[in-house]
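Heads up: the structure comes next, in structure tokens.
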Amino acid sequence: MSCRVRSALPAALVLAALVVAPAGAATKKPKHVVLGPNLVVNSSFEQSDIEGNPAAAPGSQSQPLLPTGWRFEGLTVLFDHSQNVHHSGKRAAAISGSLSGGTSFCETGSCVPNPTNPVKDTAGTRFMLPPHWKSETPIAVTAGKAYQLSFWVSTSQLTVGKGFDGIVRWVDGGGATVAQQKLIDFAVGGTQDWKKYTYPKVAAPAGATGAVLLLGQSDDLWTGQVVFDDVYFGTYTLA
């Protein structure tokens, strides 16, 4: 009988440990994403530097207008502070066509690289030839801290293989480029209704004190349109 008691006691202790351990582990709550306030000025493009008197009605020809807090960079048929297409509110920021030249020439039946590509790529950290809406003033950031970028996009009649991108140009206190990162890049082609795109987490590089947002259309010689609205850029933390 004594042998049976000695063999049963360790088994009971093991069973108790198995029961208690999962209960203790279950009390640890999983972390979830906490986004900080939106740091983008005029993030939905509602305010305008040039309003007109009275304000232009939808469908009027008094465009383009210039959204407060935004400027543009690159070559296009039209940078349009559109009141005809928008995701929320009454306005959005559109790019209609591009005059920057494609990355390839395909007129001869076979495609060859555009000889200006190296020049465009080198200059692109300071000034991009493909058309982009650009935040006018760098957004203050802290090196090493994580941030999230998102925006809504609709497209119309884009060439197959063409699309849009979202770029962060990290700059130092003097405005010089520290790094430039293409966070969102989609070659959707054709026509697409409003859809949200998000890059969930990117850390500001060493030396960066500001972030310039660039929202653009891919190199395209045709007349397709890309429209941006409801931009978000803010801190990303887990809690």
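Laboratory data are not the source of any read-out in this text; all were calculated from the coordinates shown. Bear in mind the structure is a predicted one, so any value in this text is a computation, not a measurement. Virtual Cβ from ideal backbone geometry, glycine too; neighbours counted across all protein chains shown.
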| message | Test of understanding: ordering 98, 88 by Cβ neighbours within 10 Å, fewest first, what list do you get? | response | 88, 98
| In what sequence do 156, 82 fall when counting other Cβ within 10 Å, fewest first? | 156, 82
| field | Nitroxide proxy distance, nm - points 7 Å out along Cα→Cβ at residue 160 and residue 177 | value | 3.2 nm
| request: Please list the non-local residues whose amide H lies under 5 Å from the amide H of residue 145, H modeled 1.01 Å from N, same-chain partners needing a gap of 5 or more. | output: 204
| note | If the chain between residue 29 and residue 71 were fully extended at 0.36 nm per residue, the gain over the current Cα-Cα distance would be 10.7 nm
| Do the alpha carbons of any pairs in 90/145; 134/196; 145/182 sit beyond 23 Å of each other, and which pairs? | 90/145
| message | If neighbour count is taken as other Cβ atoms inside 10 Å, put 238, 215, 158 in order from fewest to most. | response | 238, 158, 215
